[in-house]
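Accompanying notes for the structure given below.
The values are calculated or read from the model by the stated rules, or taken from the named source; none is laboratory data. This one's a predicted model, so the numbers in the text were calculated from it and none came from an experiment. Neighbour counts are summed over all protein chains in view; Cβ atoms, including those assigned to glycine, are modelled from backbone coordinates with ideal geometry.
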Amino acid sequence: AIGFGSMPLQKRFIIDTTFHSGLNSYDKAIMYTTHQAFQKVLKRQEGIYDGIHIFSKDEKKDKKRIEAFLLKHNLKGLIVEGWWEQNRNFFAAMDMEKQALFLVLLLIILVASLNIISSLLMTVMSRRSEIALMRTLGATSQEIKEIFFKLGAIVGISGIIAGTIFGFIGMWVLTTFPIISLSEDVYGFSRLPINLTGTDFLSIIVGTFVIVLLSSLYPAKKASSTDPLTVLRHE
């Protein structure tokens, strides 16, 4: 006897080949067959579909074109949904993680900027006699301030350039060699994917440059406030 459920549709197929997607959940649960065989199993008429998957190089642009076509022909019963919309929660979590990592990176840069401040202050303290001598020779406090501000900017820009070069070298190493391996059954890929966009790169460079300039202000102001009379009196 059969309960309240319905009999499952059954049909024998000949396995022609297998595929390996990298995800066990896909490999064990998904099977591909011809459209004619699928219609025969479900006893459907020709031209009836549950959905159509479209692969596109510019998916967002093509999605808008398809929506405009459906609206033009008054096909309101059809829905166009992108893969990024089907996984909205996943991408929202990734975006939040990306923002958190960006803040962590800025905090690391802030800590590194303390080295610029301390090194410039040590330079100011060790060069107080030279600063006082320059003031007595006619240099203004603004000129002294500009000298140490430019010195801090040069140190910071040199660090930015060196960090950018080493960063690109690290990206090349990680994308070329399997240094960081991942479980392919879980993530679908065995290597750590790295994708640096132009927006992220410019945000990091601009943010670092602003922090460097701000870090150079206090030591430069400290140097410009040096009193030449007090310094030379104790020399």
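A few points about this structure:
Per-residue answers, yes or no, for (1) part of a helix (DSSP H, G or I); (2) over 30 Å from Thr199 (Cα atoms); (3) of a type in the set (A, V, I, L, M):
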residue: Leu103; (1), (2), (3): yes, no, yes
residue: Thr123; (1), (2), (3): yes, yes, no
residue: Ile147; (1), (2), (3): yes, yes, yes
residue: Val155; (1), (2), (3): yes, no, yes
residue: Ala162; (1), (2), (3): yes, no, yes
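- One residue stands out in segment 20-75 among those that are among the small types (Gly, Ala, Ser) and touching a residue at least 12 places away in the same chain (Cβ under 8 Å): the one that is nearest to Gln10 (Cα to Cα), namely Ala37.
- Against the conditions (1) exposed (fewer than 14 other Cβ atoms within 10 Å of the Cβ); (2) in a helix (DSSP H, G or I); (3) without any contact (Cβ under 8 Å) to a residue 24 or more places away in the chain, Met134 satisfies every one except (1).
- Some residue of segment 92-107 being within 38 Å of the chain's Cα centre (by Cα) and over 30 Å from Phe209 (Cα atoms): no
- Only one entry of Ile48, Ile15, Ile117 meets the criterion of being assigned to a helix (DSSP H, G or I), over 24 Å from the mean Cα position of the chain (by Cα) and farther than 30 Å from Pro193 by Cα, and that entry is Ile117.
- With respect to the conditions (1) under 30 Å from Arg135 (Cβ atoms); (2) surrounded by fewer than 14 Cβ atoms within 10 Å (Cβ to Cβ); (3) aromatic (Phe, Trp, Tyr), Phe149 lacks only one, and its number is (2).
- Subset of segment 87-98 [surrounded by 10 or more Cβ atoms within 10 Å (Cβ to Cβ) and part of a helix (DSSP H, G or I)]: Arg88, Phe90, Phe91, Ala92, Ala93, Met94, Asp95, Met96, Glu97, Lys98
- Checked against the criterion of being among the hydroxyl-bearing types (Ser, Thr, Tyr), more than 23 Å from Asn115 (Cα to Cα), within 18 Å of the chain's Cα centre (by Cα) and surrounded by fewer than 12 Cβ atoms within 10 Å (Cβ to Cβ), segment 189-200 has at least one qualifying residue.
- From the options Phe69, Phe55, residue that is aromatic (Phe, Trp, Tyr) and part of a helix (DSSP H, G or I): Phe69
- Qualifying residue in segment 20-39 (condition: surrounded by 10 or more Cβ atoms within 10 Å (Cβ to Cβ), hydrophobic (A, V, I, L, M, F, W, C), farther than 30 Å from Ser181 by Cα and modelled with pLDDT under 85): yes
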